[in-house]
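Enquirer: Have a look at this one.
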Amino acid sequence: MAGGSTSGGSVKADTYAGVRHWLLAPSWLVLLTVVVGPLCIMLIYSFLTKEFRGGVVWEFNLAAYDKFFFDRGLFGDEAPRIEWTYISIYWRSILQAAIATLVSLLIGFPTAYFIATRPTTSRALWVFLITIPYWVNLLIRTVSMKFLLRDQGPLNAFLLSTGIIDQPLTIVNTDVAVQLGLFYSYLPFMVLPIYAAVEQYDHRLSEAAADLYASRWIALRRVILPAVKPGVIAGCILVFVPSLGSFLAPDLLGGARNFMIGSLIEDQFKGQAGDWPFGAAASMILLSMVLIVLIVAARRQARAKAAGGEV
Amino acid sequence: MKQKIKKSVAAAALVCVVTSAAKAEEQVVLYHWFEYIPQELLEKFTSESGIEVVMDTYDSNEALLASLKAGAIGTYDLAVPGDYMVEILANQGLLGEFKPDELKNFENIADQWLNVDFDPGRQYSIPYQWGTTSFSVNRDVYQGEIDQLSVLFNPPEELSGKINMLDAQNDVLALASLYLNIPQCTNDREQLKAINGLVQEAKQHWVSFNSDTTKDILVSGDVAASMIWNGFGARARVEGANIEYAFPTDGYIVWMDNVVLLKDAPNRENALKFMDFLLVPENIAAVSDYARYESGITGAKEHVSDELREMPELNAPTGGKGHFVEVCDAETQAVYDQIWTNLRK
Amino acid sequence: MSSSKTDVRRYPGFLSVTLLCLLVLYAPLVIVGIYSFNASNSITSWDGFSLRWYAEVFTGSESEKFKIAAWNSLFIAIIAASCATILAVLAAMAIIRGGQFRTRQISQGLVSLPLMVPEIVTAVATLIFFNAIGFSRGHMTIIIAHIAFCVPFAYMPIAARMQGVEDSYEMAAMDLYASRFQAFCRILLPLMIPGIISGFLLAFIISMDDFLITNFVKGAGVETLPTAIFGAVKQGIKPNIMAISTMLLGLSIIIVSLSYIVSKFDNTK
C-alpha cells in the first residue's frame with residue numbers, strides 16, 4: 001500500500017506489450033460500464049427533479065443541491081437561509097470518522113510497531129491474529145459489538161458486578177457507540193500498512209539516535225515516525241475513507257437519531273425519504289470530499305517521498 | 001494447484017446449474033411487512049399448491065412505496081399495503097387489477113370491508129388484517145393515566161426521553177393532528193405550522209424512530225413507551241413486557257392492511273392462488289393468531305384462539321375514536337415531507 | 001551488543017497496547033461465541049450450555065431462508081471472485097508486463113477505482129444505473145456489481161506477486177522460441193499461483209462480506225447471507241443469529257488459516 005509500490009518501480013518488463021490492449025480490454029469494459037458509467041449517470045440524476053411520491057422527472061435543475069445547502073421554510077417560499085441539517089450531518093460524520101481514525105492510530109501504531117519488531121518466526125502469527133477478525137463478516141462484527149455494549153449486555157453486567165459503575169452505561173445509540181463500531185470495523189486497516197512500513201524501517205537509525213543520547217520517545221518522534229510516515233498516512237486513509245461513508249455502524253449502533261452520511265443517503269433510496277436526486281447529490285458531495293482527501297494525501301506522499309529520497 | 005482451480009470452476013458451474021434449476025420452480029414473490037405471517041402458513045400453502053413463497057419484508061408503507069418506485073415493480077407479485085397506501089399505489093398505477101370472479105373465495109370478504117373508501121368494490125385488493133395504532137406504556141415505569149395522546153407528545157417526566165416512535169411519516173403526523181384536534185391533511189398554513197411546532201417540541205422526549213425493533217425494545221426495557229400497533233403491543237406483552245396498550249380518548253388510528261396484486265406481477269396466476277388461500281377463514285385466522293390482529297374475512301373469528309379474542313389490545317372501549325389515515329394532496333404532502341425531514345434531522 | 005539493540009527497539013507499554021488491541025478485536029466475537037451456546041430463549045440471561053440454537057439454524061423455521069441465503073452468497077462469491085481474478089490477472093499482465101504506455105497510469109487508477117469510491121456511493125450509482133437502463137434486479141445484478149468491486153482486491157496480491165517474479169524466465173523461454181502464450185502458461189502462470197489464490201480468496205471474502213451494495217442491487221426475495229442476517233438483526237439480536245455468526249467465524253478462520261498455510265508453503269519453497 002505504502003507509496004505506490006505497485007507502479008512497478010524499475011521493472012520494465014514488456015513481455016506482453018504487444019497484446020496489452022487486449023489484456024486490458026475486459027477490465028476497462030467492466031469497470032467503465034459498472035463503475036465509471038454509473039457514477040456519471042448518478043451525476044446526471046443529481047440534477048433531475050424529484051417526482052411526487054418518489055421517482056424522478058427528467059427536468060434539469062439544481063433543486064437537490066439547493067435542498068442540501070438552503071432552507072426555504074416549511075412551505076418552500078421563504079427567503080433562503082443556510083440549511084445546517086445536512087452540513088452538520090456531514091460535519092458530524094467527518095468528526096466521527098476522524099475520531100475513529102485517531103483512536104485507531106493511537107492503538108494501531110504501537111501494535112504495528114510491536115508486531116514488526118517481533119522475531120520473524122512469531123511475527124507472522126501476530127499478523128495472523130490481527131487479520132482474523134477482519135475476515136469475519138463486518139455485519140457480524142458490528143452486531144457482536146452491539147450485543148456487547150447493550151444496556152443489559154455483558155460489558156455493563158461485568159462493570160456492574162465489579163462495582164466500577166452502579167448504573168448501566170448507555171452506550172448503544174450514542175456517538176461513542178458509532179465511534180467504537182467504526183474503530184472496530186477498520187482497525188486492521190490501520191495496523192497492516194504501518195506494520196509494513198515499520199518492517200522495512202532500519203532499526204540502526206534508532207541505535208544511532210540512541211548513541212546521540214536521544215531518548216526512546218524522542219527517537220520515536222524524530223526518527224521512526226518520519227520514516228514510517230507513508231505507512232501511517234496510508235493507514236489513516238484506509239480507516240478514514242470507509243468510516244466516512246459507512247452505513248452499518250451508524251445504523252446498527254447509532255440508532256436513527258444519529259444519522260451519518262451513509263444512513264442519510266441510504267434513506268433516500270431504501271427508506272421512506274425516496275428523494276433520488278437528493279440522494280445522488282449527497283453521494284456526489286461525499287465522493288468529492290473523499291477525492292479531495294485522496295488527492296491531498298497523494299500530493300503529500302509524493303512530496304514526502306521526494307524529500308525523503310535524499311536520505 | 002491447477003487441479004484445484006479446475007475443480008472449483010467446475011463446482012461453480014455446478015452451483016450455477018443447480019440454482020437456475022431451482023428458479024424454474026413455481027413460485028410467488030410476496031413483499032410483506034416484517035414479522036407478520038407465520039412460516040407454517042407459507043409452508044401449508046406450498047404443500048397444498050406446490051407453489052413456493054419467496055418473501056421480502058419492509059417496515060413501513062412509505063418504504064414499500066419508495067421501493068416499488070425504485071424499480072422493484074415487476075419483480076414482486078403481491079404486497080400488503082395499509083389502507084391509504086392502497087389508494088396511493090392505485091393512483092400511481094402500481095397495482096394490477098383483478099375481477100372478483102378470478103378469486104373463488106372472494107365472497108368470504110366481510111360486507112363492511114367490501115366497499116371501502118380506499119378501494120371501492122375491491123378492484124385491487126383483498127382484506128388482510130386490521131388493527132389500531134396508538135402506544136404502549138411500561139407500567140413499571142409509569143403508573144399514571146395513559147388515555148391521552150399527550151403521553152406521546154407532552155409526556156410525563158418518567159417517560160420523557162424513553163419514548164420510541166414508529167418510523168412512519170403518515171401515522172406519526174396523523175396522531176399529531178388528532179392530538180391538536182385539527183383535520184388530517186389540512187392545507188391551512190397555521191395548522192401545518194402547529195403540527196411542525198408540536199413534533200419539533202416533542203422530539204426532545206423521543207429517543208428513537210424504530211418500527212421493526214419496537215417489540216424487542218419494549219420487552220428489553222430499552223424504552224419505557226412506544227408508539228405501536230395493537231397486535232405488536234400484544235405480542236410484546238405476551239413476551240413479558242409489563243406494558244399496557246392505550247386507546248387515547250382524543251383519538252387513535254384504525255388501519256387495514258390489504259393484499260394487493262402488483263402491476264406486471266411475474267407470477268400472476270400463482271399470486272391469485274395465494275390470495276384465494278388467504279381468503280379461507282381458517283388460514284387468515286392463523287395470521288391473526290400469530291400477528292394478533294383481526295381479519296376482514298367472514299367466519300375467521302371462529303378459528304382464532306380464545307386468548308386472542310380476549311386480548312385487551314383488540315378490544316377498544318365502546319365509543320373509541322378510531323380514524324383512518326387520509327391521503328393528502330400533492331401540496332400538503334410536500335409540507336408533510338418537509339415536516340418529517342425537519343423532525344428526522 | 002545485541003541486548004542494547006533490543007532495548008532500542010522496545011518501547012514500554014507497546015505490548016500492553018497490543019494486547020488491548022487484541023482484546024478489543026476479539027472480545028465481541030468471543031462473547032457472541034459463548035452466548036451462542038446459551039440454553040436460554042433470552043439473550044440477556046445465561047441458562048446453561050446447549051446446542052439448541054445450532055440445531056435451530058438447521059431445522060428451525062428460518063433455516064430454509066438462511067440455507068438459500070448461504071447458497072446464494074456462496075454462488076455469487078464464487079462467480080464474482082473467479083471473474084474478478086481473471087480480469088485482475090489479465091490487467092496485471094498488461095500493467096506490469098506490458099512495458100511503458102500512455103494509458104498505463106489510467107488503467108492502474110481504473111482498476112483501483114472501486115477502492116477509492118465509498119461503498120455507499122458505489123451502491124447508489126449501481127442502483128441508479130440498473131434502474132436507468134431498465135435492468136431488472138435479481139442474482140445477475142448482484143453478480144455484476146460484485147465483479148466490479150472485487151477486481152481491485154483480486155488485483156492487489158496478484159500484481160504484488162507478479163512484480164516479485166522476474167521476467168527473465170519468460171524472456172529465456174521466448175528466446176527459445178516459446179510463443180508468448182506458451183511462456184505465459186508454462187512459466188508465469190505456475191509461478192503466479194500463490195498470488196492468484198490469495199487474490200481469489202480475498203475477492204471471495206470481500207464478496208461474501210458485502211452488505212451495502214448487495215442490499216441496493218438485489219432483486220425481489222433474493223437474499224445473501226449478510227442481507228438475511230441484517231434483516232433478522234433489525235428486529236433484535238436472536239440466539240440463532242449468534243450461532244450463525246459463530247459458524248461463520250469458524251469458517252473465516254479456516255479460510256484464513258488455509259491461505260496462511262499456502263503462503264507459508266510458498267515461502268519455504
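A short reminder: the numbers here are calculations on the coordinates, not readings from a lab. What you are looking at is a predicted structure, and each value in this text was computed from that prediction instead of being measured. In this analysis, Cβ positions are derived from the backbone assuming ideal geometry, glycine residues included, and neighbour counts consider all displayed protein chains.
Enquirer: How big is D for segment B:193-345, in µm² s⁻¹ as a whole number, if Stokes-Einstein is applied with the Kirkwood radius of its Cα pairs at 37 °C and 0.692 mPa s? It would help to have the intermediate numbers written out before the result.
Expert: Numbers: Rh = 18.4 Å.
Estimated via Stokes-Einstein, D reaches 178 µm²/s.
Enquirer: Just to be sure I follow: if Rg is taken over the C-alpha atoms of the protein assembly as shown and Rh is the Kirkwood radius over the same atoms, what is Rg/Rh? Don't skip to the end; give the middle numbers.
Expert: On the way: Rg = 29.5 Å, Rh = 29.9 Å.
Taking Rg over the Kirkwood Rh, I get 0.99.
Enquirer: From the residues A:86, A:54, A:33, which one has its Cα farthest along the dipole of segment A:15-310 in the positive direction, the dipole being from +1 and -1 charges on Cβ of Lys/Arg and Asp/Glu about the Cα centre?
Expert: A:33
Enquirer: Beyond 14 Å, what percent of the Cα pairs of segment A:70-136 remain? Walk me through the numbers on the way to the answer.
Expert: Details: 1628 of 2211 pairs.
Tail of the P(r) past 14 Å holds 74 percent of the pairs.
Enquirer: According to the Kirkwood expression over distinct Cα-Cα pairs, how big is the hydrodynamic radius of segment A:15-310, in Å?
Expert: Taking the inverse mean of 1/r over all distinct Cα pairs, segment A:15-310 comes out at 22.6 Å.
Enquirer: Shifting gears a bit: Would you mind giving the average projected area, over all directions, of the Cα convex hull of segment C:25-93 in nm² with one decimal? Working shown, then result.
Expert: On the way: hull surface 28.4 nm².
Across all orientations, segment C:25-93 yields a mean hull projection of 7.1 nm².
Enquirer: A follow-up question, please. HN-Hα J couplings of segment A:102-119 from phi, Karplus 6.51/-1.76/1.60, θ = phi - 60°, integer Hz, Gly and Pro as x?
Expert: 4, 4, 4, 5, 4, 8, x, 5, x, 4, 4, 5, 4, 5, 5, 9, 6, x
Enquirer: Then there's this: So how strong a dipole does segment A:156-233 carry about its Cα centre when Lys and Arg Cβ are +1 and Asp and Glu Cβ are -1, to the nearest 20 debye?
Expert: The calculation lands at about 220 debye.
Enquirer: Also, quick follow-up: Let me have the 222 nm mean residue ellipticity of chain B computed from DSSP H runs of 4+ only, each contributing -39500 (n - 2.57), with the sum over all residues rounded to the nearest 500.
Expert: Theoretical 222 nm ellipticity from helices: -11500 deg cm²/dmol.
Enquirer: Ok, one more. Give me the inter-chain shielding for C:97-103: mean count of other chain Cβ atoms within 10 Å, whole number please.
Expert: For this peptide, the per-residue mean of nearby foreign Cβ atoms is 6.
Enquirer: Here's a follow-up. Average the reciprocal distances over every distinct pair of alpha-carbons in chain B, invert the result, and give the Kirkwood radius in Å.
Expert: Evaluated on chain B, it is 21.5 Å.
Enquirer: Which whole number in µm²/s is D for chain C by Stokes-Einstein, with the Kirkwood Rh taken over Cα pairs at 37 °C and 0.692 mPa s? Walk me through the intermediate numbers first.
Expert: Numbers: Rh = 21.8 Å.
D, rounded to a whole number, is 150 µm²/s.
Enquirer: Next question, about the same structure. Projecting each Cα onto the charge dipole of the protein assembly as shown (Lys/Arg +1, Asp/Glu -1 at the beta carbon, about the Cα centre), which of C:68, B:142, B:241 comes out farthest on the positive side?
Expert: C:68
Enquirer: Working from Cα positions, state the angle (0 to 90°, nearest 10) between the long axis of helix C:14-35 and the longest principal axis of chain C.
Expert: That helix lies at roughly 50 degrees to the long axis.
Enquirer: For segment B:87-140 and segment C:133-148, what is the separation of their Cα centres, given in Å?
Expert: After rounding, the separation between the Cα centres reads 34 Å.
Enquirer: Below 13 angstrom from the Cβ of residue B:252, what's the summed charge of the other residues (Lys, Arg +1; Asp, Glu -1)?
Expert: Net of charged neighbours comes to -3.
Enquirer: Okay, next question. Mind listing the long-range amide H neighbours of residue B:243? Cut-off is under 5 Å, sequence gap 5 or more, other chains count too, H placed in the peptide plane at 1.01 Å from N.
Expert: Residues meeting the criterion, in which the H sits 1.01 Å from N, are B:139.
Enquirer: Report, in degrees rounded to the nearest 10, the 0 to 90 angle that the Cα long axis of helix C:139-164 makes with the longest principal axis of chain C.
Expert: Computed tilt is about 50 degrees.
Enquirer: Which angle from 0 to 90°, rounded to the nearest 10, does the C-alpha axis of helix B:189-202 make with the longest principal axis of chain B?
Expert: That helix lies at roughly 90 degrees to the long axis.
Enquirer: Please compute the net charge surrounding residue B:138, taking Lys and Arg as +1 and Asp and Glu as -1 over other residues with Cβ under 11 Å from its Cβ.
Expert: -1
Enquirer: Could you estimate the translational diffusion coefficient of segment A:177-282 from the Stokes-Einstein equation, with Rh from the Kirkwood formula over C-alpha pairs, at 4 °C and 1.567 mPa s, in whole µm²/s?
Expert: Roughly 79 µm²/s, to the nearest whole number.
Enquirer: Give me the percent relative contact order of segment A:15-310, please, defined on Cα pairs under 8 angstrom at least 6 residues apart. Don't skip to the answer; put the middle values down first.
Expert: Working: 325 pairs, mean separation 72.6, N = 296.
The value is 25 percent.
Enquirer: Which order do the peptides C:46-54, C:115-123, A:223-231 take when ranked by the mean count of other beta-carbon atoms within 10 Å per residue, highest first?
Expert: C:115-123, A:223-231, C:46-54
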